[in-house]
Number of protein chains: 2
Amino acid sequence: MAKETVGFIGLGIMGAPMAGHLLRGGHPLVAFNRTASKIAALVTQGAQAGNSARDVAARSDVVVSMVADSPDVEHVYLATDGVLSGARQGTLFIDMSTISPAVAVRIGKVAAQQGCPMLDAPVSGGDVGARNASLSIMVGGAPEVFERARPILELMGKPILCGPSGAGQTVKACNQTVTALHILAMAEALTLASEAGADPAIVLKVLGGGYAQSRILDVRGPRVLQRDFAPGFKARLHRKDLRIALETASAAGCSLPGASLVASLFDALLKQGGGELDHSALIMIIQSLSARRPAAPCDG
Amino acid sequence: MAKETVGFIGLGIMGAPMAGHLLRGGHPLVAFNRTASKIAALVTQGAQAGNSARDVAARSDVVVSMVADSPDVEHVYLATDGVLSGARQGTLFIDMSTISPAVAVRIGKVAAQQGCPMLDAPVSGGDVGARNASLSIMVGGAPEVFERARPILELMGKPILCGPSGAGQTVKACNQTVTALHILAMAEALTLASEAGADPAIVLKVLGGGYAQSRILDVRGPRVLQRDFAPGFKARLHRKDLRIALETASAAGCSLPGASLVASLFDALLKQGGGELDHSALIMIIQSLSARRPAAPCDG
């Protein structure tokens with residue numbers, strides 16, 4: 001049986017390698033991106049070029065989207081030349097962007113009214129995970145829709161059904177809350193160590209072997225010691241994800257004082273021009289709070 | 001060659017099993033504790049009973065102390081009937097309590113003036129680590145003193161030389177800063193999940209397999225889901241350790257906004273009577289910030 005044709009919208013640092021895995025998995029692929037040069041790169045790998053989100057949807061059995069933020073996803077699906085204006089009934093939509101759970105639920109409802117099942121399926125694992133097809137994929141939606149999507153998702157990583165529509169985005173918001181506080185923990189510990197006269201490299205070694213261990217300390221700690229803030233995961237995107245987490249918390253009636261604090265500290269980093277650096281550059285803000293040195297501009 | 005006689009001061013939930021390991025390691029042991037019944041338990045294992053810190057020091061080649069806080073250590077070493085009033089020149093002091101790095105340095109200087117080398121050697125790993133002789137031991141002091149102490153320390157866990165006098169306590173303060181923020185991260189993520197309608201158990205599973213992983217999520221997360229707040233590590237002791245971290249930071253001229261926030265939240269937990277619960281009970285404070293439920297007294 002011929003494999004389903006996949007329309008892929010959003011060919012950035014994440015989307016391009018993910019689309020490549022679907023192509024190599026045997027799926028005919030119709031690719032679209034606002035910047036046309038990125039479509040050409042996929043065409044050389046065997047994809048067909050789409051002219052618009054609408055055009056992609058009209059030519060596909062499954063539409064996968066991987067764009068930046070909630071308004072981008074709304075535009076891709078709901079605009080005049082968007083996915084919903086072109087899709088046949090029964091076309092499966094998989095949005096892998098990280099957006100607001102509430103927006104994911106709303107677009108999913110509009111899609112359902114048109115007879116198109118939809119999953120929210122944000123990922124973690126970064127550009128490395130995208131290239132290695134080792135992404136963690138947090139999926140919200142109906143179980144039978146998840147089963148239909150599973151072979152496609154497994155070409156890009158490890159899908160886990162988290163609950164109904166929006167649950168994938170909610171779990172992603174939890175994930176980004178935790179990583180934000182782990183980044184802050186690392187920043188404060190390494191700053192305390194160096195300011196109080198202990199060797200930060202020894203702190204990393206001791207903490208990594210005990211109850212204070214985290215994946216972020218293991219992976220990012222050594223690079224922070226080298227002042228290597230090449231992303232990785234950009235500070236401005238983590239700030240965006242914290243906005244989603246805080247808005248989701250607020251809508252649910254709960255407060256996240258730690259996530260709020262890290263959001264404010266990321267704001268300071270962004271104001272100093274550090275938004276394109278890895279999120280671990282947050283340590284520069286903690287260091288700038290030290291009385292021993294004046295607030296330093298981001299020189300990473 | 002006969003093994004050195006060790007005087008052990010402080011036979012609490014940590015000290016008692018640590019002293020037991022030294023006894024079974026072949027060291028004659030003189031035990032002292034303010035509560036005499038705890039001395040008797042060690043005597044049944046073969047220890048001799050000491051009458052005071054001074055008496056213990058006079059009868060020992062090495063003094064190990066494991067008490068609660070900076071003032072306790074000052075009393076044990078500097079009081080009229082304290083260790084320094086009884087020790088011979090050359091007696092080795094190892095303080096394994098978690099106290100202020102500044103106090104550790106100060107007592108170390110007084111000891112040095114009397115010809116007694118001293119190490120600060122706080123531990124992590126809790127009562128389980130103490131019983132299993134698997135503690136991480138963060139040591140500050142001179143390298144040759146560390147080498148002299150190493151065989152004794154290795155009977156209780158894994159010693160790591162962190163730097164000069166006080167460095168062990170500074171690294172411990174970094175450790176407690178990180179674990180405090182990891183506890184907060186877990187509390188906020190699990191609260192967001194349940195309030196926003198996602199399954200906290202799935203959040204733990206997904207986060208533990210990715211970039212958000214931490215030892216605390218792995219070890220404590222499942223118990224938090226069961227509302228099991230039996231310590232473990234008591235909230236009031238973590239609050240004490242954060243006071244040390246914040247005072248050390250302040251003295252070094254740096255600010256730790258995250259550690260300050262967690263300290264305030266622990267204060268709220270303590271005020272509600274949760275000080276004897278595991279530090280992961282901090283989630284009750286985050287939950288009490290939710291608009292959906294009134295602030296609940298600690299019922300764990």
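The values are calculated or read from the model by the stated rules, or taken from the named source; none is laboratory data. Just so we're clear, the structure is a prediction, and the values are computed from it rather than from any experiment. Cβ atoms come from the backbone with ideal geometry, glycine included; neighbour counts cover every protein chain shown. Remember, those area values only see protein heavy atoms, side chains included, never the ligands or the DNA or RNA. Shrake-Rupley method; radii C 1.70, N 1.55, O 1.52, S 1.80 Å.
Summary table
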{"item": "Theoretical ellipticity at 222 nm over chain A - DSSP helices of four or more residues, -39500 (n - 2.57) apiece, nearest 500", "result": "-15500 deg cm²/dmol"}
{"item": "Cα point-scatterer Debye curve for the protein assembly as shown, base-10 log of I(q)/I(0) at q = 0.07 Å⁻¹", "result": "-0.50"}
{"item": "Protein accessible area in segment A:170-288, 1.4 Å probe - carbon and sulfur %", "result": "52 percent"}
{"item": "Average beta-carbon neighbours from other chains, 10 Å sphere, peptide A:259-265", "result": "3"}
{"item": "Peptide B:199-208 - average C-beta neighbours from other chains (10 Å radius)", "result": "5"}
{"item": "Folded to 0 to 90 degrees: helix A:215-225 orientation relative to chain A principal axis, Cα", "result": "60 degrees"}
{"item": "Chain B, Cα convex hull volume normalised per residue, Å³", "result": "140 Å³"}
{"item": "5 angstrom amide H check on A:Gly163, placed H, neighbours 5+ away", "result": "A:Gly141"}
{"item": "Average beta-carbon neighbours from other chains, 10 Å sphere, peptide B:132-138", "result": "2"}
{"item": "Nearest-ten-degree value, helix A:101-113 long axis tilted from longest Cα axis of chain A", "result": "0 degrees"}
{"item": "Average accessible surface area per residue within segment B:6-164, 1.4 Å rolling probe, Å²", "result": "38 Å²"}
{"item": "Distant-in-sequence amide H partners of A:Asp228 (H built 1.01 Å from N, under 5 Å)", "result": "none"}
{"item": "Distance violations [Cα-Cα > 23 Å] among B:Lys205/B:Lys271; B:Lys172/B:Lys234; B:Lys3/B:Lys109; A:Lys158/B:Lys205; A:Lys234/A:Lys271; A:Lys38/A:Lys158", "result": "B:Lys205/B:Lys271; B:Lys3/B:Lys109; A:Lys38/A:Lys158"}
{"item": "Solvent-accessible area buried by pairing A with B, both sides, nearest 100 square angstrom, 1.4 angstrom probe", "result": "5100 Å²"}
{"item": "Per residue Cα convex hull volume in Å³ - calculated over segment A:13-159", "result": "95 Å³"}
{"item": "Degrees, to the nearest 10: B:15-24 long Cα axis against longest axis of chain B", "result": "50 degrees"}
{"item": "DSSP-defined antiparallel bridges as percent of all bridges, chain B, nearest 5", "result": "15 percent"}
{"item": "Ranked by how many other beta carbons lie within 10 Å on average, peptides B:74-83, B:167-176 from highest", "result": "B:167-176, B:74-83"}
{"item": "Bins of 10 Å, starting at 0 and running to the largest distance - Cα pair percent for segment B:170-288", "result": "14, 46, 32, 8, 0"}
{"item": "Pairwise label distance in nanometres, A:Val128 with A:Ala79, each label 7 Å out on the Cα-Cβ vector", "result": "3.4 nm"}
{"item": "A:Ala230 versus B:Ala68: modelled label distance in nm, points set 7 Å from Cα along the beta carbon direction", "result": "5.2 nm"}
{"item": "Sequence-distant residues sharing a close amide H with A:Ile94 (under 5 Å, placed H)", "result": "A:Val63, A:Val64, A:Ser65, A:Leu119"}
{"item": "Listed peptides B:220-230, B:135-145, B:26-36 by packing density, highest first (mean Cβ within 10 Å)", "result": "B:135-145, B:26-36, B:220-230"}
{"item": "Total formal charge among the other residues, if their Cβ is under 12 angstrom from that of A:Gly140, Lys/Arg +1 and Asp/Glu -1", "result": "-2"}
{"item": "Beta bridges per DSSP with both ends in the protein assembly as shown, % antiparallel, nearest 5", "result": "15 percent"}
{"item": "Average accessible surface area per residue within segment A:170-288, 1.4 Å rolling probe, Å²", "result": "29 Å²"}
